[in-house]
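Before any comments, here is the structure.
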């Protein structure tokens, strides 16, 4: 009887109680063997990031070395911060940074509400078949390459023969405008094409978060007299706020990356001053110009800036909203 103890209304032995508070910890290899199926499933993912993300990071040493075809990546002389000084002393570097930030703001901030609104619209469609049809249509542009998308834009906006110019001419206007070469239209066209291409795909996670909200919350709001708009504002948006914050923080790592494919394909002599970004400049100096160390240094600055901004915003959201990546 001395070894029996009442714990939470249940009669237990002292040995059982000790195991409850001090469970025996399995060794590392024991846990691996116990959950081997999960680790086997995880292995391809780890291998992917090891090969394509971590292994190439060794090449960052080029930002501080002089590359030569006869010396390779690690055999050149050290140049210190020479490449960084060269970039910031370039009078056009501020132009590249400004263009990159403008496009990043359009994509990360201005475009943020659109997939959320689309997910809210999907949630209001009562017919599963009709909703599935609309979702499939909205997903399709995501799988079209930027080469095809920009090609369609050139055809639609071409002077004289383009659909838009033909419509303008039909209403008595001048149908000879080459919209793709208009400097003032580059940012709007880049934004519209980006939203059109990705809005459906980006709405998937938001819609999944909306579906996960308990229906009883909507019923309680309805009983209190809340209409659809108030239900969205007081139930749906707070319910997916954590998802919005997490995805926003993840996207901040690309704050100095405007997206190379789209911008590079939309470039032409008419919009060169607003379409030259850090990403396109890296490709021009690195791959086309052969300045591999210089291009690596610029890319390293992009990554460091994205990391710092992500850490700062993550700390702010953790204190302000109680949601963070770590």
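The values are calculated or read from the model by the stated rules, or taken from the named source; none is laboratory data. This one's a predicted model, so the numbers in the text were calculated from it and none came from an experiment. So basically every Cβ, Gly included, is an ideal-geometry build from the backbone, and we count neighbours across all protein chains shown.
Quick notes
- Counted residues, the stretch 61-71 - those being in a helix (DSSP H, G or I) and within 16 Å of residue 285 (Cβ to Cβ): 2
- In the stretch 81-131, the residues that are touching a helix residue (DSSP H, G or I) at 6+ places or on another chain (Cβ under 6 Å) and either loosely packed, with under 12 Cβ neighbours inside 10 Å or without any contact (Cβ under 8 Å) to a residue 24 or more places away in the chain (or both): 93, 125, 131
- Among the conditions (1) out of contact with any helix residue (DSSP H, G or I) (no Cβ under 6 Å at 6 or more places or on another chain); (2) in a helix (DSSP H, G or I); (3) farther than 21 Å from residue 108 by Cα, the only one that residue 161 does not satisfy is (2).
- Any hit, the stretch 292-311, residues being crowded, with 18+ Cβ neighbours inside 10 Å and not in a helix (DSSP H, G or I): no
- Criterion (farther than 30 Å from residue 126 by Cα and touching a residue at least 60 places away in the same chain (Cβ under 8 Å)) met by exactly one of 283, 274, 232: 274
- Lone unmet requirement of (1) under 22 Å from residue 106 (Cβ atoms); (2) under 23 Å from the mean Cα position of the chain (by Cα); (3) in contact (Cβ under 8 Å) with a residue 40 or more places away in the chain for residue 153: (2)
- Residue within the stretch 183-191 that is more than 29 Å from residue 277 (Cα to Cα) and either assigned to a loop (DSSP other than H, G, I, E, B) or touching a helix residue (DSSP H, G or I) at 6+ places or on another chain (Cβ under 8 Å) (or both) present: no
- The set of residues in the stretch 263-291 being at pLDDT below 90, on the phi < 0 side of the Ramachandran plot and assigned to a loop (DSSP other than H, G, I, E, B) consists of 289 alone.
- Qualifying residue in the stretch 192-212 (condition: crowded, with 17+ Cβ neighbours inside 10 Å and part of a loop (DSSP other than H, G, I, E, B)): no
- The residues of the stretch 213-240 that are touching a helix residue (DSSP H, G or I) at 6+ places or on another chain (Cβ under 8 Å) and not in a helix (DSSP H, G or I), listed by number, are 213, 226.
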